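The values are calculated or read from the model by the stated rules, or taken from the named source; none is laboratory data. For clarity, every value in this text was computed on a predicted model and none was experimentally measured. No Cβ is skipped: glycine too gets one built from the backbone with ideal geometry, and neighbour counts run over all protein chains shown. Keep in mind that these areas ignore ligands, DNA and RNA; they rest on the heavy atoms of the full protein, side chains included. Shrake-Rupley method; radii C 1.70, N 1.55, O 1.52, S 1.80 Å.
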Amino acid sequence: MRRTILAATLAAALSTTLLATTPFAWAASDNAAATKDTAKAPNAGDLLFEQPQMKNTTPGSTLSYDYLRRSGIVKGPYGPPLNDAIKLTIEPGKSAESRDIRVQMFSGGNRVPAGPFTDMAGNPVLSLFLENHLKGLAGLLEANPRYIKNAIRKGLREKATVTPVQVDFKGRKVEGWRVEMKPFEGDAQTERMRGFDTTTYTFIVAPEVPGEIVSLEARTLKPDGGELLEERLDYDQKDS
């Protein structure tokens, strides 16, 4: 069984980050099935977790991602809105496509230990975002984190749609892909999800953007249209 790029990311993180506490990958499967979209669209798992996303980053540079989390749950566990950043400091890896990466995940009292990652081809910010999201959601729902993680992995394999999209990058349009899914829709534990069975995950990637990750979002709406949760990460072009 071949080892996925993200599996390597998590393995490198286990000893130094509180976010990666279990050694199984986010990648949908080792033999990914086709997406719901046309045959020309890449598979969601392959697109997000199997590409050498760091190959177009410059050693000595820093990739910055703006982070936002806010919740409409009154007196809920998420507390007030959180605006912060995740920064990746890039150094050469052992190959042309890989990089050594130091991480600053949030700042001040929000700081979370993460990384470093050695000789990484994939962008670890995706796993960092998902692990942080998983930790918060599992705590809120008092649920088994593995159950939620497996539901998201299954969603990437069976429920994701992949569509082409154009991304604004440094004053021009570049080609990218949009991955969208609702992994908990129709879940057997819907009655325990407290409305989070409607959570929509949207990931946008573009090969011309350093690190390829453009934005990541998990959003849950109430039946009346109000927000239960918005959690997102956006690539900051100013620091590239």
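Odds and ends about this structure:
- The number of residues in the range 109-156 that are in contact with a helix residue (DSSP H, G or I) (Cβ under 9 Å, 6 or more places away or on another chain), under 18 Å from Ile86 (Cβ atoms), outside any helix (DSSP H, G or I) and among the charged types (D, E, K, R) comes to 0.
- Which listed residue, of Ala114, Ala143, is touching a residue at least 24 places away in the same chain (Cβ under 8 Å), open to solvent by 20 Å² or more (accessible area, probe 1.4 Å) and either in contact with a Ser or Thr (Cβ under 7 Å, 6 or more places away or on another chain) or of a type outside the set (Asp, Glu) (or both): Ala143
- Checking each residue in the range 185-235 for being touching a residue at least 40 places away in the same chain (Cβ under 8 Å), open to solvent by 20 Å² or more (accessible area, probe 1.4 Å) and not in a strand (DSSP E or B) picks out Gln189, Arg192, Arg194, Pro207, Glu208, Pro210, Lys222, Gly226.
- Apart from one condition, Ala160 fits all of (1) in contact with a strand residue (DSSP E or B) (Cβ under 8 Å, 6 or more places away or on another chain); (2) over 29 Å from Lys87 (Cα atoms); the exception is (2).
- Flag for Met120 being modelled with pLDDT of 90 or more and open to solvent by less than 60 Å² (accessible area, probe 1.4 Å): yes
- Residue in the range 123-131 that is of a type in the set (D, E, K, R) and surrounded by fewer than 16 Cβ atoms within 10 Å (Cβ to Cβ) present: no
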